[in-house]
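See structure below.
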Amino acid sequence: MNPQSRWEQERQDGKNKRMKSIIEAAEKVFSRKGFEKTTMQDIADEENLGIATVFRYFPKKDKLIVAVAVNLLERYLTVFQTVASKNCTCLEKIEILFNHFIFDIEPENLECTQLLEAFESYASTSLEELGDYHHYIEVRKSISDTLTLIMEEGIRDGSIRSDIQVKEVLASVINAFGLFSRKLSLFERIPFFEDEIEPRVQLAITKQIFLEYIKAK
């Protein structure tokens, strides 16, 4: 690599690193204050940057909100891709995905799960389309494509019932379980009455119902 190319590469690497650090700082502030109450100055202060630097990378707060959501969703994509590559049956892979959703409401993952849930609510009620929202849609499409690979394996390996529309049923089951787990995460920090069922117990029961329904008899 010639000196000019090396300089350009180092410059781009530096920009990518700075952008990543701003997104990570924004994630922390959004988790504490919410999307609407957070200002760009709050994010600049979190990262000890001048606000002009933040605006240079993200001219509008909405673009930064979407960048944070994309970063969160890419973590799910990594999980789906990792599960898809495992050497096990489709039914076993679906159980692994369910277990991951349950793990998402553990304290160490709660902020990420709740922030993603808050983003989808924010995006659905926004009066204007969010800047760069297509990036979020692209990652969701990649997750859907990966899920399709898992479902196609279920058609071949015999671990899933053959008397159902495999793709439609599995997509519905996984989406329903994922949405349910994220909704329950919103109540994780709320004290429960003695006769109420804890979120983890509800998810464990729901997991067994879904797995029993889809597995080959």
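The values are calculated or read from the model by the stated rules, or taken from the named source; none is laboratory data. Owing to the predicted nature of the structure, the values given are computational and were not obtained by experimental measurement. Glycine gets a Cβ as well: all are built from the backbone with ideal geometry, and neighbour counts include every protein chain shown. With ligands, DNA and RNA removed, areas are computed over all heavy atoms of the protein, side chains included. Shrake-Rupley method; radii C 1.70, N 1.55, O 1.52, S 1.80 Å.
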Margin query: Here are the criteria: (1) touching a Leu at 6+ places or on another chain (Cβ under 9 Å); (2) not hydroxyl-bearing (Ser, Thr, Tyr); (3) not in a loop (DSSP other than H, G, I, E, B). Tell me which single one residue 74 does not satisfy.
Written below: (1)
Next item on the list: Kindly indicate the residue of region 198-217 that is surrounded by 11 or more Cβ atoms within 10 Å (Cβ to Cβ) and outside any helix (DSSP H, G or I) and also modelled with the lowest pLDDT among those meeting that condition.
Entry: 198
Notebook entry, point to check: Say we look at region 62-93 and pick out the residues that are closer than 30 Å to residue 126 by Cβ and open to solvent by 50 Å² or more (accessible area, probe 1.4 Å); which of these is modelled with the lowest pLDDT?
Noted result: 75
Next item on the list: Can you tell me which residue within region 168-196, out of those that are aliphatic (A, V, I, L, M) and modelled with pLDDT of 80 or more, is most open to solvent (accessible area, probe 1.4 Å)?
Entry: 179
Check: For region 89-119, how many residues are charged (D, E, K, R), more than 16 Å from the chain's Cα centre (by Cα) and outside any helix (DSSP H, G or I)?
Finding: 0
Note to self: Every residue in region 28-37 that is under 21 Å from the mean Cα position of the chain (by Cα) and either acidic (Asp, Glu) or assigned to a loop (DSSP other than H, G, I, E, B) (or both), please.
What the structure shows: 34, 35, 36
Notebook entry, point to check: Tell me, which residue of region 1-27 that is surrounded by fewer than 16 Cβ atoms within 10 Å (Cβ to Cβ) and modelled with pLDDT of 90 or more is farthest from the chain's Cα centre (by Cα)?
Noted result: 17
Next item on the list: Could you please tell me which pairs satisfy a Cβ distance under 8 Å, a separation of 6+ or placement on different chains, a first residue in region 84-98 that is farther than 17 Å from residue 166 by Cβ, and a second residue that is among the polar types (S, T, N, Q) and buried (at least 18 other Cβ atoms within 10 Å of the Cβ)?
Entry: none
Item checked: Residue that is modelled with the lowest pLDDT [pool: residues in region 120-143 that are in a loop (DSSP other than H, G, I, E, B) and loosely packed, with under 12 Cβ neighbours inside 10 Å] -> 127
Note to self: Tell me whether region 147-163 contains one or more residues that are acidic (Asp, Glu), in contact (Cβ under 8 Å) with a residue 24 or more places away in the chain, within 25 Å of residue 23 (Cβ to Cβ) and part of a helix (DSSP H, G or I).
What the structure shows: no
Notebook entry, point to check: Would a scan of region 170-184 turn up a residue that is in contact with a helix residue (DSSP H, G or I) (Cβ under 8 Å, 6 or more places away or on another chain) and either outside any helix (DSSP H, G or I) or closer than 30 Å to residue 57 by Cβ (or both)?
Noted result: yes
Next item on the list: Report yes if some residue within region 144-167 is at pLDDT 90 or above, surrounded by 12 or more Cβ atoms within 10 Å (Cβ to Cβ) and on the phi > 0 side of the Ramachandran plot; otherwise report no.
Entry: yes
